[in-house]
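Take a look at the structure set out below.
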Amino acid sequence: MGRCPACGEWNTMVEEPKAAKESSSGGAAARSRAFISSSDARPMKLQEISSTDESRFSIGIGELDRVLGGGMVEGSIVLIGGEPGIGKSTLSLQIPLCCGNLKTLYVSGEESPKQIKMRAERLGGRGEECMVLSETLLENILASAKEAKPQLLIIDSIQTIYSESIESSAGSVSQVRECASALLRFAKESNTPVILIGHITKDGTIAGPKILEHIVDVVLQFEGDTKGSYRILRSIKNRFGSTDELAVFEMTGSGLREVNNPSEILIPAHQDDLSGVAIGAMMDGTRPFLIEIQALVSSAAYGTPQRSATGFDGRRLNMLLAVLEKRAGFKLAAKDVFLNIAGGLKVSDPACDLAIVASILSSNFDLYISPKICFAAEVGLSGEIRPVSQVERRIAEAEKLGFEQIYISSFNKETSFSKKNGSHIKVTPVNSIAALCRSLFQ
Ligand code: TYD
Ligand code: MG
């Protein structure tokens with residue numbers, strides 16, 4: 001065409017051949033690598049490569065910075081996954097609101113600018129530098145991002161955006177992969193960090209089948225009961241830090257609030273003399289938690305006693321009950337046993353075994369355990385009390401929270417902690433359930 005139909009100018013039209021549609025399998029993977037393939041790439045010795053510390057910046061939410069390994073790395077791409085309604089959009093919108101002067105482009109394929117504005121008003125904060133775009137076409141998003149040059153790009157969510165070069169519908173495996181790799185190239189080329197939000201499918205994987213996890217630098221998973229108010233943000237993969245980090249948030253009427261000391265919320269205050277309650281010192285990643293365990297043992301009304309556990313593996317509860325029955329002579333077979341982990345959390349750390357056993361015994365004898373006592377040990381099949389890892393950290397956390405006594409396994413190497421100057425907590429090693437009973441209830 002000689003004359004442009006849009007602006008009316010002559011000879012401004014340039015031919016641009018349409019990009020050949022690549023096959024959805026090999027093509028996208030090859031393109032995701034394209035940002036590092038340049039003509040002057042050659043093998044280099046490690047010593048030749050100059051290392052500069054990756055430059056990080058804080059994104060205003062302390063707990064999130066910590067899970068990322070000390071802030072956001074420039075040019076990195078972070079995937080935040082979680083079930084619908086868990087608070088992914090809320091968390092990502094809180095970043096520009098908390099970090100007043102961070103130039104952010106928040107792209108939403110799910111909400112209109114008005115809805116986002118309403119949410120931002122609810123969350124409070126300033127967010128002077130936050131730009132919002134409601135768009136689902138990848139090419140438009142990239143063009144806007146190149147023009148606006150934000151310091152942080154947020155895509156909510158990766159499943160709602162689509163690229164013209166792929167025929168399948170938004171949210172399909174090939175679309176998600178193609179969009180993620182195009183955003184990856186944008187992140188590496190412009191050195192802009194990108195946060196992708198991903199919905200989790202019913203089977204718990206980030207849709208579709210984990211295809212995004214190997215493309216991105218960091219994968220964070222948002223977990224928790226959407227009915228409860230506590231949320232856990234866990235790092236599953238992190239190219240710039242440890243995956244042992246975890247952050248706890250509370251969903252409030254005005255957004256997510258950081259919970260700096262999770263143990264405090266997990267141990268509710270109540271009267272001292274309740275039987276069936278014991279505190280376990282568990283670890284999640286590298287983070288110690290103290291958590292309340294409640295048990296109720298009552299006579300079984302029907303032939304087969306009921307066993308029910310909330311927040312804990314039912315089979316492990318059965319195992320612990322069998323150990324109590326067989327090795328320690330407690331007659332629990334005719335009793336119903338209910339177990340509950342306070343705070344709606346799920347516990348899988350075996351170090352909670354001793355606290356569970358103690359709470360069951362406490363309920364069975366109807367004798368209370370002082371709320372100043374906690375437990376950290378595993379129980380083996382032969383009734384022995386087994387040692388657990390990182391016992392010093394558990395003891396330190398218990399001491400920090402004002403506990404006066406902690407029961408651990410006598411097989412845990414004599415801890416230097418108990419002899420440390422100025423430590424107030426009494427460390428009591430036990431080697432069997434019978435010894436625990438004598439020490440607790442006599
Ligand atoms: P949302 O961030 O939309 O979840 P996602 O993007 O992961 O699907 O948040 C979902 C829930 O959070 C919603 O059901 C309401 C609740 N919520 C609050 O309790 N307080 C608030 O301030 C906000 C913004 C949301
Ligand atoms: Mg959302």
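The values are calculated or read from the model by the stated rules, or taken from the named source; none is laboratory data. What you see is a predicted model; the values in this text were computed from it and never measured. Neighbour counts are summed over all protein chains in view; Cβ atoms, including those assigned to glycine, are modelled from backbone coordinates with ideal geometry. Only protein heavy atoms, including side chains, enter the accessible area calculation; ligands, DNA and RNA are left aside. Shrake-Rupley method; radii C 1.70, N 1.55, O 1.52, S 1.80 Å.
Annotations
- Lysine pairs in the range 285-442 with Cα atoms under 16 Å, if 8 or more residues apart or on separate chains: 6
- Comparing Ser362, Ser432, Ser423 in a Gaussian network model of the chain (Cα springs below 10 Å), the most mobile by mean-square fluctuation is Ser423.
- Accessible area in the full protein assembly, largest first, 1.4 Å probe, for Arg122, Arg231, Arg327, Arg307: Arg122, Arg327, Arg307, Arg231
- Applying 1/(1 + (r/R0)^6) with r as the Cβ-Cβ distance of Phe240 and Ser423 and R0 = 41 angstrom yields a FRET efficiency of 0.70.
- Centroid-to-centroid, using Cα positions, the range 96-111 and the range 340-404 are 43 Å apart.
- Sites Ser134 and Ser58, calculated FRET efficiency, Cβ-Cβ separation with R0 25 Å, nearest 0.05: 0.35
- Cut-off 16 Å, label 7 Å out along Cα→Cβ of Arg393, residues of the range 61-77 by amide N: 66-70
- Two-site FRET efficiency, Val14 against Gln47, from Cβ-Cβ distance with R₀ of 51 Å, rounded to 0.05: 0.65
- Folded to 0 to 90 degrees: helix 391-400 orientation relative to the chain principal axis, Cα: 90 degrees
- Ranking by accessible area, most exposed first, for Lys227, Lys400 with a 1.4 Å probe: Lys227, Lys400
- Taking the C-alpha atoms only, the angle from helix 113-123 to the longest principal axis of the chain is near 30 degrees.
- Working note: Karplus 6.51/-1.76/1.60 with θ = phi - 60° gives the range 170-179 the couplings 4, x, 6, 4, 6, 5, 4, 5, 5, 5 Hz, where Gly and Pro are set to x.
- In nm, spacing of pseudo-spin labels at Ser439 and Leu274 (7 Å Cα→C-beta vector): 2.5 nm
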